[in-house]
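Novice: Have a look at this one.
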Amino acid sequence: MKKGESPELSAKWWSGSRPEDKKKELKSGDKLEAALKEFESAKAKLEKAPDSELAAAATKALDAVEKLAGDVGSEAGKVKGNDAMTWTAECLKKIAVPIAKERRWILENGDEDDGMFTDPDVYRIYLRKMLKRMKSAGEMNFGAVLGKKADDHRIAFHKSKSGRPLASQLVKETGLHVMAFGTALTTKAVGEEESGESQSTEGSGDDLADLKASTLILDIKEKIPPGLGRKLGKMLKKFKVPFKSVVLKLDGKEVADEVDPNDTDADDYDDDLKTAQNDQTRLKELTHALAELMKQIPGVADKGVQGDLVRLATQARAMLAVPNLAGAEQGIEALRKALAGAQDKGATYAKAGEAWNAAHGFMVREYDRLGKALQAAYQQDGIGADLSKKLAEKVKPVLDTLNGDLSKQIDTAAKATDGQTRQTSLGEAVKLIGDYKNFIGSSALMGDLDDNPFAVLAVRDRLTDTLAALEKTVR
C-alpha cells in the first residue's frame, strides 16, 4: 500500500495493494478480497440485464465490502511501527466515497418499480434513472397518470413491459385514474426533422438544438387525456430532470394538446427549473471548495489529526456524490473548522514554548533580585557581596535543572513538518514537565528562597502554574 493511495472497489486493486502480512494480522484481508470479487460479479450481471433481484444481490455484496473494509482498516490501524499498515488504515477510511457512488449506480440501474411512485423524493430518483435510460435507448414503453398538481402526475417507463400494464400499476399505487399509455421516444430516435414544437414550453428559437434534446415525445395509444402534454411538461420541470417539454403523437401523427378546462394548476414551474440550475452551480462550487480544503490536509503534521481530517473530507465527498447539498455544506464547514484548529496547533505550541521562557526568565530575575537584597542588607557588615555570591552558587542547580530544554522541545513540535517528529518532541516535553514538577515539589531550597525575609518571592507558584497549563497544551 502506498502513502495517500485511494481505495478502489476491485479485487485486483486490493490484491496488488494490500500490505505484506507475514504475521497474519489482517484477519479479514482475504474475506475483503472475496467480497470485492462477489461485488464485481454482481455488478457485471446487473450491467447486462437490469433486474430487481440482481440489484438486491449487488447491494448485499456492497454491504459486505463496506463492513469488511472497516474491519481490515481497524486491524491495520492496530499494527504499530508499520507504515504500510498505517497507510492501509488511512486508505480504507476513504472507501465511503466509491461505495456511495456505487450505491447510487445500483439505485439508478436496478429495475425494481414497485413502491417507487408514491413518495415524491423516491419517484424523483426513479424518474431520473429511467430518463437516463431513455436518452440511451431512444425508445421505451410508458404509462402515465394525471393528478391535480405537477408533483402528483406520474409516468413510468419500461423496455419490454407494454404501456397499459404500466399505467394500471400507476393507478393501483397512486389512486389516480386519468391515464395514458403508449411509446416514449427521444427526438434523436425519430429524427430531428420530426421533433416539432414543444407543447409545454414556448420555444424561443434561440437554441433549437437544446430544445430538441430536452423534448420527450409520447406516441399515445387510444385516447389522449386533456392537457396531458402540458401537465407532464410541468412535472418534468418540477422534478428537475433533463427533459423539459413534451410533444404528443397519436398513432404516429403529431397532435395538439387539448386544453383541460378543469386544470387549476397555474404555476409554470420555471422557478423549479432555475432552482435545478442553481443547484448544479452550487454543486460545482462545493466540489471546488472541498478540493481546495483537501489540498491542505497533507500539510498537517499530526497523523492522528490528519486521519480525522480525511474522515471529514470523505463524509463531505459522499454527500456531494448523492448529491445532498445541505449535508455537503455542513461537512465542508466541519472540515474547514477542523483544518483551522489543526493549523493553529503549531502556533499554540509556539506560544507554550514562549510561556516557559517567560517563566524561566521570571525565576532568574527574582533570584537576582534576592541577591541584590541580601547584598544591600549586609553591605555595612562587609559581607553582602559574599552572601550574594553564595546565593548564586546555591541557586545554580535550580536554574540548571529547570532549564530551557522544555521550551526547545515544544518549539521543535511547533515547527515540525511531520507527525512523528511532533509526537516525539511532545512526548519529551511531557516527560520534562513531570520532572520539573517533581523537582519543584521536593525542593526545600526553593521553599526557603520563596519564604526569605529579605524579598517577597513567588517563584514556585509561578512555575507550578505555568507547568500545569503547559501540560494541558502538549498532552
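Novice: How much length is gained if the chain between Lys390 and Asp83 is pulled fully straight, taking 0.36 nm per residue apart and subtracting their Cα-Cα distance, in nm to one decimal?
Specialist: Details: separation 307, 0.36 × 307 = 110.52 nm, distance 5.50 nm.
Residue separation times 0.36 nm, minus the Cα-Cα distance, leaves 105.0 nm.
Novice: Turning to a different aspect of this structure: What angle, in degrees between 0 and 90 and rounded to the nearest 10, separates the Cα long axis of helix 52-77 from the longest principal axis of the Cα atoms of the chain?
Specialist: 10
Novice: Please report, in Å, the Rg and the Dmax of segment 79-189, where both are computed over Cα atoms only.
Specialist: 20.2, 69
Novice: Toward the positive end of the charge dipole of the chain, about the Cα centre and with charges on Cβ (Lys, Arg +1; Asp, Glu -1), which of Ile332, Tyr269, Ala347 goes farthest?
Specialist: The Cα lying farthest towards the positive end belongs to Ala347.
Novice: Using Cα-Cα distances under 8 Å and only pairs 6 or more residues apart, what relative contact order does segment 350-424 have, in percent? Display every interim value, and only then the final one.
Specialist: Values: 45 pairs, mean separation 29.8, N = 75.
Answer for segment 350-424 is 40 percent.
Novice: Multiply the residue gap between Asp152 and Asp63 by 0.36 nm, knock off their C-alpha separation, and tell me the result in nm, one decimal place. Walk me through the intermediate numbers first.
Specialist: Numbers: separation 89, 0.36 × 89 = 32.04 nm, distance 3.38 nm.
Full extension from Asp152 to Asp63 adds 28.7 nm.
Novice: Which value, in debye to the nearest 20, gives the size of the charge dipole of segment 114-267 about its Cα centre, when Lys and Arg are +1 and Asp and Glu are -1 at the Cβ? Write down the numbers at each step before the final one.
Specialist: On the way: 26 positive and 25 negative charges, 153 e Å.
It works out to roughly 740 debye.
Novice: Calculate the radius of gyration of the Cα atoms of segment 326-411 to one decimal place, then report Dmax, the largest Cα-Cα distance, as a whole number, both in Å.
Specialist: According to the Cα coordinates of segment 326-411, Rg and Dmax are 23.4, 82 Å.
Novice: Between Val456 and Lys188, what is the label-to-label distance in nm when each label sits 7 Å out along the Cα-to-Cβ direction?
Specialist: Rounded to a tenth, the inter-label distance reads 8.9 nm.
Novice: Let me ask another. With +1 assigned to the C-beta of every Lys and Arg and -1 to the C-beta of every Asp and Glu, and no other charges, what is the dipole magnitude of segment 344-474 about the Cα centre in debye, to the nearest 20? Please report the intermediate quantities before stating the final value.
Specialist: Numbers: 17 positive and 19 negative charges, 44 e Å.
Taking the Cα centre of segment 344-474 as origin, the dipole is about 200 debye.
Novice: What value, in deg cm²/dmol to 500, does the helix sum -39500 (n - 2.57) over DSSP H runs of n ≥ 4 give at 222 nm once divided by the residues of the chain?
Specialist: That calculation yields -21000 deg cm²/dmol at 222 nm.
Novice: Within 10 Å, count the other beta carbons around each residue, average over each peptide in 34-42, 157-165, and list them highest first.
Specialist: Final packing ranking: 34-42, 157-165.
Novice: Please list 221-233, 422-434 highest first by mean number of surrounding beta-carbon atoms within 10 Å per residue. Provide the component values of the computation, followed by the final result.
Specialist: Numbers: 221-233: 20.3, 422-434: 18.5.
Ranking, from highest mean packing down: 221-233, 422-434.
Novice: Return the Cα extents of segment 114-267 along principal axes one, two and three, sorted largest first, each rounded to a whole Å.
Specialist: Principal extents (Cα only, largest first): 39, 35, 30 Å.
Novice: Between Arg164 and Ala468, 0.36 nm times their residue separation minus their Cα-Cα distance comes to what? Please report the intermediate quantities before stating the final value.
Specialist: Values: separation 304, 0.36 × 304 = 109.44 nm, distance 7.89 nm.
Between Arg164 and Ala468, full extension yields an extra 101.5 nm.
Novice: I've got another one for you. Between Rg and the Kirkwood Rh of segment 1-112, both from Cα atoms, what is the Rg to Rh ratio? List each step's numbers first, then the result.
Specialist: Numbers: Rg = 14.7 Å, Rh = 14.3 Å.
Computed over Cα atoms, the ratio is 1.02.
Novice: Could you point to the residue in Leu312, Leu146, Thr86 farthest towards the positive end of the chain's charge dipole, with +1 and -1 charges on the Cβ of Lys/Arg and Asp/Glu respectively?
Specialist: Going by the charge dipole, the pick is Thr86.
Novice: Right, something else. Normalised by the residues of segment 400-475, what does the relative contact order come to in percent, with Cα pairs under 8 Å and at least six apart? Walk me through the numbers on the way to the answer.
Specialist: Working: 46 pairs, mean separation 21.8, N = 76.
It rounds to 29 percent for segment 400-475.
Novice: About the Cα centre of the chain, what is the dipole size in debye to 20, counting +1 per Lys and Arg Cβ and -1 per Asp and Glu Cβ, all else neutral?
Specialist: Numbers: 75 positive and 78 negative charges, 269 e Å.
With Lys and Arg at +1 and Asp and Glu at -1, about 1300 debye.
Novice: Convert each backbone phi in segment 449-455 into a coupling constant with the Karplus relation 6.51 cos²θ - 1.76 cosθ + 1.60 (shift: θ = phi - 60°), then list the ³J(HN,Hα) values in order as whole Hz, x for Gly and Pro.
Specialist: Result, ordered by residue: 5, 5, 9, 5, x, 9, 8 Hz.
Novice: What distance in nm lies between label points placed 7 Å from Cα along the C-beta direction at Ala347 and Thr421?
Specialist: That separation, rounded to one decimal, is 2.1 nm.
Novice: Would you work out which of Gln169, Val259, Gly191 lies farthest towards the positive end of the dipole of segment 114-267? Charges go on Cβ: Lys and Arg +1, Asp and Glu -1.
Specialist: Farthest towards the positive pole: Gln169.
Novice: Using alpha-carbon pairs under 8 Å, 6+ residues apart, how would you state the relative contact order of the chain in percent? Walk me through the numbers on the way to the answer.
Specialist: Values: 670 pairs, mean separation 45.6, N = 475.
It rounds to 10 percent for the chain.
Novice: Once both labels are modelled 7 Å past Cα along the beta-carbon direction, what's the Gln380-Lys337 spacing in nm?
Specialist: Result for the modelled spin labels: 6.8 nm.
No value in this document is a laboratory result; all are computed from the given coordinates. In this text, all values refer to a predicted model and were calculated from it rather than measured experimentally. Using ideal geometry, Cβ is built from the backbone for each residue, glycine included, and neighbour counts are taken over all protein chains shown.
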